[in-house]
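Some notes on the structure that comes next.
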Amino acid sequence: MNGGGERRGKAGKGAAAGAEKLHLQEALGLPAGRGDKNPEGTPEGKGTWSTEEDGQGEEEEETTTSPTLGPSPSPTPEDTVTYILGRLAGLDAGLHQLHVRLHALDTRMVELTKGLRQLREAAGDTRDAVQALQEAQSRAEREHGRLEGCLKGLRLGHKCFLLSRDFEAQAAAQARCTARGGSLAQPADRQQMEALTRYLRAALAPYNWPVWLGVHDRRAEGLYLFENGQRVSFFAWHRAPSPEPGAGPSTAPHPLSPNQPNGGTLENCVAQASDDGSWWDHDCERRLYYVCEYPF
């Protein structure tokens, strides 16, 4: 009798729990499970027990059928050490290759530096040789000009005069004479001036050509110097022709042959006329014949 009462008490408690569960599902608006309702002809106690047993069975089936997914195994200290050693070995191999390439580049650089030094030495030797040849050529040209001036030109005392029929400005004519070992003509006295006049007249007759001399007043107006810097001690300036006998004096300058010098600061270089040997001042940039003198 006591066992039956206990079973009836448990059944009553189960029914009450099922009713509370049903009311809670209705309040939350949840659908009721199949095991929550008591089918007709089934005792309440039996239905409750079967529902609990079915639920436990489903949980066991789900637990049995679901695959087990565990966390991946973490690397061990030995794996970490092995990975680090492998990376270090790769870095060491890369550094070795870099050292090999750097050594090859260093060897190549040494060879290039040596070759460049040899080229510089060869270039220096060539430059010295070219300079020596140029100096020898200049000496030979000066010697040749001096010999030509004395063989083809006018020899007078310790100097020789040679006329050049090339048109040059006064500075360019002086440079040409210097390169040939001489200078523009610098007659030191009237005797040399008269001899130079005869030479130019014979060389250019019957024409009258102005010929550059080595005389100028570029440093100061009216201060005439030779190319060597010495002051001119005599002059042979052209003068206008005298008026005819019986004619009155005229103050107007001669239109074709005015008195020289008359150019002021615009005409600073002196040329000699080839017909009478008179001096005329001209613009230094005018291109004229010139006469060089050479030491003998």
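Rounded to the nearest 10 square angstrom, LEU266 shows an accessible area of 140 square angstrom against a 1.4 Å probe.
When the residues SER233, SER164 are ordered by accessible surface, computed with a 1.4 Å probe over the protein chains alone, the sequence from largest down reads SER233, SER164. Phi angles across region 73-88 convert, under the Karplus curve 6.51 cos²θ - 1.76 cosθ + 1.60 with θ = phi - 60°, into 3J(HN,Hα) values of x, 6, x, 7, x, 5, 4, 4, 4, 5, 4, 5, 5, x, 5, 4 Hz, Gly and Pro given as x. Computed 3J(HN,Hα) for region 221-228, one whole-Hz value per residue from the Karplus formula 6.51 cos²θ - 1.76 cosθ + 1.60 where θ = phi - 60°, is 4, x, 9, 8, 10, 7, 5, 7, glycine and proline marked x. With R₀ set to 51 Å, the beta-carbon distance separating THR113 from GLU221 gives a calculated FRET efficiency near 0.25. Taken along the Cα-to-beta-carbon direction at a fixed 7 Å, the label points for ALA175 and SER138 span 1.4 nm. One decimal place: the segment ASP276-LEU95 gains 55.7 nm when fully extended, by the rule 0.36 nm per residue minus the C-alpha distance. Taking each residue as 0.36 nm, the span from LEU85 to LEU147 lengthens on full extension beyond its C-alpha to C-alpha distance by 13.2 nm. For region 116-127, putting each phi into the Karplus relation 6.51 cos²θ - 1.76 cosθ + 1.60 with θ = phi - 60° gives couplings of 5, 5, 5, 5, 5, 5, 5, 5, x, 5, 5, 5 Hz, in residue order, rounded to whole numbers and with x for Gly and Pro.
The values are calculated or read from the model by the stated rules, or taken from the named source; none is laboratory data. These numbers come from a predicted model, not from an experiment. Cβ atoms come from the backbone with ideal geometry, glycine included; neighbour counts cover every protein chain shown. The accessibility values were calculated without ligands, DNA or RNA, using every heavy atom of the protein model including side chains. Shrake-Rupley method; radii C 1.70, N 1.55, O 1.52, S 1.80 Å.
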